[in-house]
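What follows is a single structure, written as structure tokens, with notes after it.
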Amino acid sequence: MRETTTPENSTRPSDQPVRGAEEEVAPVAHSTERAEKPAVLFVCVKNGGKSQMAAGLMRQDLAAAGLEGAVVVSSAGTRPGSKVHALSTEVLAEIGADIAGETPTQLTPEAMREAGHVVIIGAEAEVEPLEGVEIERWEVDEPSSRGIEGRERMELVRDDIHLRVRELRERLLG
């Protein structure tokens with residue numbers, strides 16, 4: 001059960017109403033799907049590369065473990081581009097993950113609340129915290145800082161994200 005900290009610094013289960021000094025505040029409503037299984041929202045600036053890769057890798061990892069659909073997976077960008085990066089799509093396809101049909105999506109507070117767990121990938125995306133939403137940041141390898149570009153760069157980024165996705169899957173599913 002998700003815990004929510006109230007302004008009075010007390011902790012109550014989120015399915016219990018919280019009474020303020022003058023009014024009752026209802027809990028945040030979540031979809032039935034959210035209540036039944038964990039969810040994660042991967043975020044980067046353009047939602048065309050790293051966050052799309054993370055979402056695709058999480059879906060592929062879940063399917064390979066026989067857990068397809070066990071985690072609700074989505075991605076978004078703080079300033080989404082117009083398409084998914086072609087090289088990201090190619091290096092994921094090499095290992096069996098398909099993101100070819102994905103399109104960049106704008107990050108919204110509603111998407112963050114729906115997921116409940118947000119992973120910001122890289123140092124560039126800025127995301128305002130929301131009460132009741134767990135946010136973590138992954139400082140992923142940036143091979144271009146070492147002069148590595150193109151396909152090799154994207155493969156190294158993919159492999160770094162993949163290791164982190166596997167660890168996150170374990171945390172979400174126990």
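The values are calculated or read from the model by the stated rules, or taken from the named source; none is laboratory data. Small disclaimer: the values here were computed from a predicted structure and weren't measured. When we count neighbours, we look across all protein chains shown, and the Cβ atoms used for this are built from the backbone with ideal geometry, even at glycine. Surface areas here come from the heavy atoms of the whole protein model, side chains and all, with no ligands, DNA or RNA. Shrake-Rupley method; radii C 1.70, N 1.55, O 1.52, S 1.80 Å.
From the list Thr103, Thr78, which residue is free of Cβ contacts under 8 Å to residues at least 40 places away in the same chain and either more than 23 Å from Glu167 (Cα to Cα) or among the hydroxyl-bearing types (Ser, Thr, Tyr) (or both)?
Step by step, each of Thr103, Thr78 is checked, and only Thr103 is free of Cβ contacts under 8 Å to residues at least 40 places away in the same chain and either more than 23 Å from Glu167 (Cα to Cα) or among the hydroxyl-bearing types (Ser, Thr, Tyr) (or both).
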Point to revise | Any hit, the range 79-98, residues being among the β-branched types (Val, Ile, Thr) and touching a Leu at 6+ places or on another chain (Cβ under 7 Å) | key: no
**Study point:** When residues of the range 141-155 are limited to those that are in a loop (DSSP other than H, G, I, E, B) and at pLDDT below 95, the one surrounded by the fewest Cβ atoms within 10 Å (Cβ to Cβ)
**Key:** Glu142
**Study point:** Yes/no for Pro129 being farther than 16 Å from Val40 by Cβ, outside any helix (DSSP H, G or I) and in contact (Cβ under 8 Å) with a residue 40 or more places away in the chain
**Key:** no
**Study point:** Breaking point among (1) open to solvent by 60 Å² or more (accessible area, probe 1.4 Å); (2) in contact with a helix residue (DSSP H, G or I) (Cβ under 9 Å, 6 or more places away or on another chain); (3) over 19 Å from Leu62 (Cβ atoms); (4) of a type in the set (A, V, I, L, M, F, W, C), for Ala100
**Key:** (3)
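Just to be sure I understand, how many residues within the range 50-89 are hydroxyl-bearing (Ser, Thr, Tyr), open to solvent by 10 Å² or more (accessible area, probe 1.4 Å) and touching a helix residue (DSSP H, G or I) at 6+ places or on another chain (Cβ under 9 Å)?
Let us first name the residues in the range 50-89 that are hydroxyl-bearing (Ser, Thr, Tyr), namely 51, 74-75, 78, 82, 88-89.
Cutting the leftovers down to open to solvent by 10 Å² or more (accessible area, probe 1.4 Å) gives us 74-75, 78, 82, 89.
Add one more test, that the residue is touching a helix residue (DSSP H, G or I) at 6+ places or on another chain (Cβ under 9 Å), and what stays is 74-75, 89.
The total comes to 3.
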Review point. For residues in the range 157-174 being open to solvent by 60 Å² or more (accessible area, probe 1.4 Å) and at pLDDT 95 or above, which is farthest from the chain's Cα centre (by Cα)?
Key: Asp159
